[in-house]
Structure formats: structure tokens, C-alpha cells
Amino acid sequence: MAGHVHKKARTETPTSGQNDAVFEWDEELTSRMTPEARAFEENMHGGFNEDPETGLVYTGIPGYGLVQISHDLKIWTRIGDDERLKGNIHGIVFFVHKGEKFLAVAQNNDERVLVVGLNGEVKQELAKPDGTEFEFAEANDYYKQYAPGQKGKIFSCTDVTYLDGVLYVVTGYCAGDFVLTAVEEGGVWKWGQLAWGGKGDEPGKFKTAHGVTAYEGHIYVANREAHQVNKFSPGGELVEVLKGIPEGARICNIAKPEHDEYFIFNPLEVLTKEQDKPDRYPIYCWAADKVISTVIPGDLGIPVLRHCHHVWPHYVRMADGNRQLYLLIHGWNVGKFAVLKHVPNYGEPKM
């Protein structure tokens, strides 16, 4: 499905998308990024997550640090003074474990996962496994070949999620292309026994496991260079390769709007006719084995934005009690932050 611009009957603001997934650029909320954060905007190469109870959104900006964004998307606050938080936070998850709220962040360049309190205090650092932890020989053999503390694209973790007491970490930016797990014992997180994947074309293998998301008891992995989204059981069994992903779409990350029926997939680019047109890189809204809407941020007048590295759905509770859906964009390759606002689809037929 090709994305295209709609002109709403009430304004001349350009929109993009189809069905009930049509969006416009919210320039005012985009501008709420603080000048201090914007000084580092060009370095952006990460994503978002949020506390569903408070609506507070969290993200990281390399060189600047860990950021909390207010529920209404108007106030940006840097949290924590630990220098480690200034490293690239390529993936992030909010989670509640044993009644306490945490963030876990995957730092690809620094090759570590940090467990962080919501005040920005780093609680723990998980470094490269040593190759004795897993009941998966391929992962153990991979890590055993490296010396303790050795770095250099060995444990380049790209994202992290949480499900039922377990952290799931993907490591797509290195030869060890795995899903690894970590569990907490006595207040300390350590690598668990479960791991799966590895580099390859076979079912259950990966060609850059880039993003990971837990939803309804399953683990979804953006298998970027295979142009796939893979659905796994919590124990690592491949349930399905999602159908209807456009050919050549290098899916980076996966998100599910809580109050809408579709998933959001954002490809870094599409290796077909769009490959030489960076302003055409899309955002896909996907449901029932097909793309129901293709949103083209390049049609919305947003300057600089090229690759959509992560797209996060966020709802703001309005004064009248209704929910307003926004999409938060983490751009990459000349980094960019942008906010898209959902708008009613005037006159567009259902498809």
C-alpha cells in the first residue's frame, strides 16, 4: 500500500496514512524538546518506552543522557547524573518487578545493559556473558572465545524487553545475533539459562535481531536484515513469521498502541523503489496479516528527518476525557525527534 498525503477538509495541514491511522506533524509538541537536549539531537539513535500508570515517557540521547517526558509531551527533564547514561541508549523498556518500577537500557556501543531506577540511579550493569550461563551451546561457544571484559562488537545489544520476571535482550549488532535472558535473584540481575537464535537464515535464526517487544505473553523480534517480524513463545519457540510485511522492509522496531488494534512497524528503509528516496521511508500500521496504513513522515514537512529508527505510540488524556494518540519518532542518521498527531480520516474509504 503506498502512503500519500491527504488534505483535511478543515485545514490545509498535510496528513499521511489511510483508514483510521492518519497522522499529521505536531510542530508545537516537537518544539518542546529543550535547547539543552536539542544540542545533542543529531546523535539520536535509540527509542522510547513509558510508564503506563503515569504516562511518563523515557528516552536517551547520546551525550546528553536519560530523559523523562511528561504525559502531555510538553516538559522534558534529564534524570540521573551517572555518566554511563550518556552512552547511546539504543533500546529501553519500562518494567515493574516485584512491585518496584525500573528501566532497563541496552547500550550497543558500550556493550552493556543497565538496570536503572526511575530517578536515574543505575542499580546494576550487565556486561558480556562469559559463555557458561546458557543452556544453548551456540551462545556459550560464541562468548567463550572472548576474554573477560573484552569489547569490540562482541556484545552489541540493541534492545531489551521484560515479561513475567525475565529481561529479554537482543544482540543484533554483532556476530552473536541472539535473544538472551536475564533473571533476578536476591536483588541481583544475572544472565539466565535461556537463550536462542544465532546468525542465520533458518527459522528461529536472525539476520540482525534489532528490536524486541513483549505483547500478550509472546516475544516479538524485529529481524531486520531478514525483513521479518518473528513471534516467539517466552521459551524461545518460533510461533510464526508475521505475514504481510512489505518486501525489502528493514524493520527496526515494533510497538503496539494500547487502545488501537494495529501494530506499528518502522523500517529503517525499504530496499525497493524507495531506497534512493530517504524522505519516503515509511511507518507501517499492521493488523490481520496486512499493512492497513502507510504513513510517510516525509510528506508532512518535517525537516531533517530521514530514517525512523523507533516509533512509539503515546496517548494523552485530554480535558474532555478523550484520548489523543501521538507517535513519537526517534530519527537516525542526522538524528531527529518529531511528534505526529493522529487525526480523523476525512473522506478516505476503508480498505
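The values are calculated or read from the model by the stated rules, or taken from the named source; none is laboratory data. As the structure is a computational prediction, the values presented were derived from the model and not from experiment. Heads up, the Cβs are rebuilt from the backbone with ideal geometry, glycines too, and the neighbour counts pull from every protein chain shown. Keep in mind that these areas ignore ligands, DNA and RNA; they rest on the heavy atoms of the full protein, side chains included. Shrake-Rupley method; radii C 1.70, N 1.55, O 1.52, S 1.80 Å.
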For Gln18, the residues 5 or more places away or on another chain with a placed amide H closer than 5 Å to its own amide H are Thr294
Long-range amide H partners of His310 with built H, under 5 Å
His330
Along the dipole axis of the chain (charges at Cβ: +1 for Lys and Arg, -1 for Asp and Glu; origin at the Cα centre), the most positive-end residue among Gln124, Asn49, Gly217 is Asn49
Per residue, how many Å² of accessible area does segment 176-260 show with a 1.4 Å probe?
38
Step by step: find N for segment 80-221, compute 2.2 N^0.38 Å, then divide the Cα radius of gyration by it. What's the final number?
0.98
Here are some values of P(r) over Cα pairs in 20 Å bins from 0, in percent: (1) 32, 59, 9, 0; (2) 27, 55, 15, 3, 0; (3) 33, 63, 5. Which one was computed from this structure?
(1)
Tabulate in residue order the Karplus-calculated ³J(HN,Hα) for segment 324-337, using 6.51 cos²θ - 1.76 cosθ + 1.60 with θ = phi - 60°, rounded to whole Hz; enter x for Gly and Pro.
10, 8, 10, 10, 9, 10, 9, x, 9, 6, 6, x, 7, 9
Could you tell me what fraction of 2.2 N^0.38 Å the Cα radius of gyration of segment 227-266 comes to, as a two-decimal ratio?
1.26
Within the chain, what whole-number % of the accessible surface is contributed by carbon and sulfur, with the 1.4 Å probe and all protein chains included in the calculation?
48
Kindly provide the helix-only [θ] at 222 nm of the chain, computed as the sum of -39,500 (n - 2.57) over DSSP H runs of four or more divided by all residues, to the nearest 500 deg cm²/dmol?
-1000 deg cm²/dmol
Of the listed pairs Lys123/Lys243; Lys98/Lys290; Lys98/Lys336; Lys207/Lys256; Lys144/Lys290, those with alpha carbons more than 32 Å apart are Lys123/Lys243; Lys98/Lys290; Lys98/Lys336; Lys144/Lys290
Quick one: longest stretch of the chain between exposed loop GluC sites (Glu not before Pro), exposed meaning at most 13 other C-beta atoms within 10 Å and loop per DSSP?
262-351
What base-10 log of the normalised intensity I(q)/I(0) is obtained for segment 26-79 from the Debye formula, alpha carbons as equal point scatterers, at q = 0.12, 0.21 Å⁻¹?
-0.24, -0.75
Amide H of Cys252: which non-local residues (sequence gap of 5 or more, or other chain) have their own amide H closer than 5 Å, using H built in the peptide plane?
Asn266, Leu268
